[in-house]
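Everything on this sheet refers to the single structure shown next.
Just so it is clear, none of the values below were taken in a lab; they were calculated from the coordinates. It should be emphasised that the depicted structure is a prediction, and the values quoted were computed from it without experimental measurement. So basically every Cβ, Gly included, is an ideal-geometry build from the backbone, and we count neighbours across all protein chains shown.
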Ligand SMILES: [Zn+2]
Ligand SMILES: [Zn+2]
């Protein structure tokens, strides 16, 4: 049998597993039944399975040959708090929960690869199959790293695949460098003394300070960062005051920063602090900055992206291996794993054009079944390419 025959043979199982998980979605850190299902499959394939790693995470270990080299493949277990509106026969049985990001399919494809690789190991070394909880909001990847995932399962590189609507159907997209944005949120509070609106000299007007801040902070993007570098700084909320004849004592400014260069997170925080401090001093008031660092940017390593390209080239034609797709300003907690391992890549599987509610996180999202063979083959090719026999 050729690798294609093996993949064709496992696809009915993969689709059945995806539909089972799709019918029974579980939200972040509550993926107990999904984890049971995944662990049961991995055990039936003969993998060593670990359930005591972090929350509901499942890790399967498969070793072949003599090499002590190790790589890690990752998929996600969690669903979203969305009520499904696809009308599909295998629609979610749970109101207010849906696999609207395709994590059910990512998990099923990785299970399919684990089955095929356990039957026909085409690699020399160890592959860790990591099924992680709570990608969407709660940072399950961050928690796994903090709980010592890589102390127990040290890997030289880590890979993950995600279905990506809006890109050529059936293509594998991998770029060296940034692929998903880093995200921070902040709340800046100016604290002063309120006053009667007709007697402003009795207070120090933090509202004027907040207005000055929003204007002055525009210089962070326009004057402190190389114009070729992507950085978004948006102010999204201003809160303060209750009535027209009182100048408020407090003003709150909230906003968000998006960037690809990880160094910009500290830069933006420091610049906000510097400008807020200057304005607060000039106004004779106080300030407090709560700067919350979110998921870091996903930055594919040079070597990780090169391995993915070689692997994809081994089974796809040139026009289906895309290496120059612009990155997304969406975010992904795969960055924690990738940063901790120090090498690897986040791979998009092109899902073709889809409309609004059928996009990622939409209540009409439907995973494109044509991607199942591509995703499974991609895993097999990655094992073979990253851990070649006789290396
Ligand atoms: Zn998502
Ligand atoms: Zn996702």
(request) Could you order peptides 241-250, 264-273 by the average number of other Cβ atoms within 10 Å of their residues, highest first? (result) 264-273, 241-250
(request) Can you figure out the FRET efficiency of residue 228 with residue 266, using R₀ = 25 Å and their beta-carbon distance, to the nearest 0.05? (result) 0.80
(request) Describe numerically, in nm with one decimal, the distance between label points set 7 Å from Cα along Cα→Cβ at residue 361 and at residue 211. (result) 3.3 nm
(request) Describe numerically, in nm with one decimal, the distance between label points set 7 Å from Cα along Cα→Cβ at residue 310 and at residue 199. (result) 7.8 nm
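Find how much the distance from residue 66 to residue 137 grows on full extension, using 0.36 nm per residue of separation minus their present alpha carbon separation; answer in nm with one decimal.
21.6 nm
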(message) Run the numbers for residue 33 and residue 235: contour at 0.36 nm per residue of separation, minus the present Cα-Cα distance, in nm.
(response) 68.7 nm
(request) Taking the chain as the reference, fit the longest principal axis to its C-alpha atoms, fit the long axis of helix 302-313 to the helix C-alpha atoms, and give the angle between the two in degrees, 0 to 90, nearest 10. (result) 40 degrees
(message) Can you tell me the orientation of helix 103-119 relative to the chain, as the angle in degrees between its alpha-carbon axis and the longest Cα principal axis, to the nearest 10?
(response) 30 degrees
(message) Order these by the 10 Å Cβ neighbour count, fewest first: 32, 2.
(response) 2, 32
(message) Per 0.36 nm of contour for each residue apart, how much would the distance between residue 168 and residue 93 grow if the chain were fully extended, relative to their Cα-Cα spacing?
(response) 23.9 nm
(message) With the crude spin-label approximation of a point 7 Å out along Cα→Cβ, what separation in nm comes out for residue 147 versus residue 290?
(response) 2.7 nm
(message) Using only Cα atoms and rounding to the nearest 10 degrees, what angle (0 to 90) does helix 263-283 make with the longest principal axis of the chain?
(response) 10 degrees
(request) Order by neighbour count: 184, 104, fewest other Cβ atoms within 10 Å first, most last. (result) 184, 104
(request) Fewest Cβ neighbours within 10 Å first, please rank 138, 48 accordingly. (result) 48, 138
(request) Measure out, as a whole number of angstrom, how far apart the alpha-carbon centroids of the stretch 175-208 and the stretch 116-136 sit. (result) 47 Å
